[in-house]
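Quick notes on the structure that follows.
Every number here is computed from the coordinates shown, using simple stated rules; none is lab data. Quick caveat, the model's predicted, so the values are computed rather than measured. Here Cβ is always computed from backbone atoms with ideal geometry, including for glycine, and neighbour counts include all displayed protein chains.
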Amino acid sequence: MLEINGRAGQVSGIRKYLVRVMLLLLLLLDIIKAHEAISFADGKKLFRIIKDGINSKRKITVDFSEVTFVTVPFLNAAFGQLFKYFKEDEINNHLIIINLKDDTKQLLEEVIERSKEYYNDPESFTEIVNDIIYGI
């Protein structure tokens, strides 16, 4: 993790002010301790860090370098749940994801779309899914 804090004093007659810039750089490999991001539990670990970062108004970068395999349950746990707690623009303003392989990027985009649909209207989403699965 990288955290940078800065302070500035009086400038050109302007009273003292405090500038606080907080950045988090998360190397996913260091968090999950594996080259495969598979489990829901590992996704939850990342989710808690991201959620705390957004709540603290930090800019968070998640780096997928050296991660060779990623599953949908991991992505749901890590990123999908964010839409339960934050609006899309708030997530976009605080979270950057880098070094994703193309297939993982596509999976993440699908997870994000489903999560937005679900958290915007959980009842309707559940009805649609039940209709598809059970014909209800």
L25 meets each of (1) surrounded by 14 or more Cβ atoms within 10 Å (Cβ to Cβ); (2) out of contact with any strand residue (DSSP E or B) (no Cβ under 9 Å at 6 or more places or on another chain); (3) not in a helix (DSSP H, G or I) with one exception, condition (2)
R114 meets each of (1) within 21 Å of T68 (Cβ to Cβ); (2) out of contact with any strand residue (DSSP E or B) (no Cβ under 9 Å at 6 or more places or on another chain) with one exception, condition (1)
Of the residues in the stretch 31-83 that are more than 12 Å from the chain's Cα centre (by Cα) and under 18 Å from E113 (Cβ atoms), the one that is surrounded by the fewest Cβ atoms within 10 Å (Cβ to Cβ) is V72
Of (1) surrounded by 14 or more Cβ atoms within 10 Å (Cβ to Cβ); (2) closer than 16 Å to L29 by Cα, I98 satisfies every one except (1)
